[in-house]
1. Pop out the carbon and sulfur fraction of the accessible area of segment 223-380 as a percent, whole number, probe 1.4 Å.
2. Which residues does a label at residue 124 reach in segment 81-110, if reach means a backbone N under 14 Å from a point 7 Å past the Cα toward the Cβ?
3. Any chance you could run the full-extension gain for residue 94 through residue 374? It's 0.36 nm times the residue separation minus the Cα-Cα distance, nm to one decimal.
4. Would you please give the FRET efficiency between residue 518 and residue 581, computed as 1/(1 + (r/R0)^6) with r the Cβ-Cβ distance and R0 = 51 Å, to the nearest 0.05?
5. Points 7 angstrom from Cα along the Cβ direction at residue 618 and residue 139: gap in nanometres?
6. Would you mind calculating the gained length between residue 559 and residue 397 on full extension (0.36 nm times residue separation, minus the Cα-Cα distance), in nm to one decimal?
7. Given H placed on each backbone N at 1.01 Å, which residues far from residue 164 in sequence or on other chains put an amide H within less than 5 Å of it?
8. With label points built 7 Å along Cα→Cβ from the Cα atoms of residue 333 and residue 147, find their separation and express it in nm.
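The values are calculated or read from the model by the stated rules, or taken from the named source; none is laboratory data. Worth saying up front: this structure is predicted, and the values here are computed from it rather than measured. Using ideal geometry, Cβ is built from the backbone for each residue, glycine included, and neighbour counts are taken over all protein chains shown. Accessible surface is based on the protein model in full, side chains and every heavy atom, while ligands, DNA and RNA are left aside. Shrake-Rupley method; radii C 1.70, N 1.55, O 1.52, S 1.80 Å.
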Amino acid sequence: MFNNMWRCSCIATCLALVLILASCGGASPATINGLGSLSAVTISVAPQSMTIATGTQQIFTATVTNSSMTSVSWMVNGIAGGNSAFGTIDKTGTYTAPPYVPIPSNVTVTAVSNADESKTASASVSINGPSAPGTVTVSPKSANVVVGGTALFAATVNDANPAVTWLVNGETGGNSSVGTIIPVPGAGEQALFTAPLQVPDAGAVVVTAVSVANPQQAASAVVNISPATSGGAVVTIISPATPPTVPAGETQTFQASVTGVSNTSVSWRVDGIPGGSAAVGTIAGGSDDTATYTAPQATQVAQVIAVSNAQPSATASISVNVIPPQNVTVTVSADSCTNTSAVTISSTVQFTAAVGGNNNQSVTWQVNQVDGGNSQVGTISTGGLYTAPANVPNPATVTVSAFSNAVPSVVGSQTITIVSTPVLQVLLGPVPPLGQYPLISTGDGQQFQATVLGAADASQVEVSWLENGYSDGDGGIYGTITPGNAEGCVTTGNYAAPLSIPNPAQFPITAQSVYDSTKSASASITIVPVGITVQPVPTNPDVPQTSQQPFSADITGTSDLNAYWSLSSKQCTGSACGTLSTPGPSPTTTYTAPAQGTPQVTLTAISEANSSAQGTATITVTCGGPPSISIFPSSATIAAGSASPLTFNPVINPCGNQSAQVNWLLGCISLSDGYPNEDCSDVEFKGGGPGCTELNNGLGKVCGDRSNGNPGTDPLSYYAPRDLFTSSFVPNACEEQNNNSGDGMVALTATVNLQGCPQQGCQATACITVTPP
């Protein structure tokens, strides 16, 4: 009672003093309850901006003025203390970047004055480093098109399987109302969006790329659609017809067409910049509404835009996919009917040059390093038509070369030998790989192609066909060949195998020149029994993740029951599709499904006896297998008193249960498991216990030997105690003997209850080693 009366008396006295001071003109502002002056509280943060790598730390300093209470509270992207996605910050202002680059990559660190919570100051942090596994990005983030117009999008997936599914407003491939999107063949994960013929109700649609390997990962872009210009200029880019791919530093020509106005000229922009820039590429206009675009050094997707000079609101655009620089090569080849080792004097040979890695295909021709050649070694036109000299030169071998006009240091060459009379050369295809022979079933057939090089006229290209050195007059023991008509220097022969296997079963098929019987070519074949069939068993199984499925090859028509085994899929590559115990040759193999993803995989079995006999089975990987849970990482080390926590993630199988409830339990570390009212603050978190856990759901830390429950997709943070006892630690799940090293070990257990788990649930334990501070 006395204390309460005294407190009330003090308050009354203080209030009276405040009133007296307030009535005195010119008096300085008075302090109230030690909170500082009556002037407005201000706060600032340093540094105000920086770039750091994932997983690293940055210390921020907050300065509070006009108050004696200078403490602050810290937030990351508006979240008190931050989280694992955007990074965490402790009360000292030490910010720890997340393990992966967030989306977006810039985060905001904010200090809130504890004296006046309406006063804040912020700093911008740009984070670089690896993306989270499975992250999908789409570029560009937005596009503007008219009805019926197009825009090119590219998707990147941070996963072994880069494949994506494209959607428009949530519908796969889109439709005529919202626009359609179609993958660009041979261009990686790129897709071409075509706007609908009418503006949709919202005036915009959303294009989304969804990871095939992990459908929970996706990214989107917005396409703004506007009406087509009517009653005025209409701009169309007529060349190229499709979005081009241009190597960095190389050029691409564009041409536009303008209708509806008398002034049909255009000006050119790149990503909205007149003439472009070094960052996105430059573009220079030419005659007849053409322009030359020069790609920048950085790979990207840029927009080339043609703008009507008569009506600047009328535009047309096309995407340009800029790829890394390509090695420029020049390959020179002679006409396919030329025998380059025997080019007859005064004859002509058409040469072609293919320039790789550059859009400029033009070349300069030389013969023996002379532009255009001369009468002694032969001449060559700008189109590559070579005319041999009237006499055999000395030496008789000359070199025809083509120099790239884009990169003159790059050259391709072909040597030829000049002769006075024609010399024939016979080639026969198909030519099998070395040591292998075409396998042809009895009664089956195979087409062969004979090419006669160096023929002076059509009368010299005729060939006769032989089976094992015999003509068709052998009675068909080795089969028969029906000659086809010659086309240029090429003649076909349709071979029909005999109805029974001859002796020997392996023999040559020969094409022999009729004009010069000393010139011929052969290919060996092997006749095998008819009717070999192969079928993997089972044919269409569902295999749960991580599970195994044995397969056998059901082979008929041969006594050789071995097969070669392989996997393929449009939804995955490599081990992401699963693995086989043996590629063969073997009559059986065992398939092991991958731990993540649910792809559909094709298993192919090829007969060892006849490679043309093969069969397939379709494997569908499903969410399944025995239920289990694991913790990643399974072990970690942290020093007592560390301000930064450890992060642990649950991994639940089967894959359809990732949102199942997980219960985390922190075990004892020593003779104590904390204090009954411990709340992990600096005052109460005295050490001796196992530390604290915290879920990233804003519920706060849970300390001591107590449980913490959360959805399976939410990671858990572990904070070490401030101190460690120096006495021996009692054994726990992570150690079987007393620990006298001065380090402590904490067992972190995760439990999930799924159908098929034991009565106590499926459990996993991670071991945390706490070292002295």
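1. Accessible surface attributable to carbon and sulfur in segment 223-380 totals 49 percent.
2. 104-109
3. Full extension from residue 94 to residue 374 adds 93.0 nm.
4. E(calc), rounded to 0.05, equals 0.40.
5. 3.7
6. This chain segment gains 52.8 nm when fully extended.
7. 212
8. Distance between the two pseudo-spin positions: 4.8 nm.
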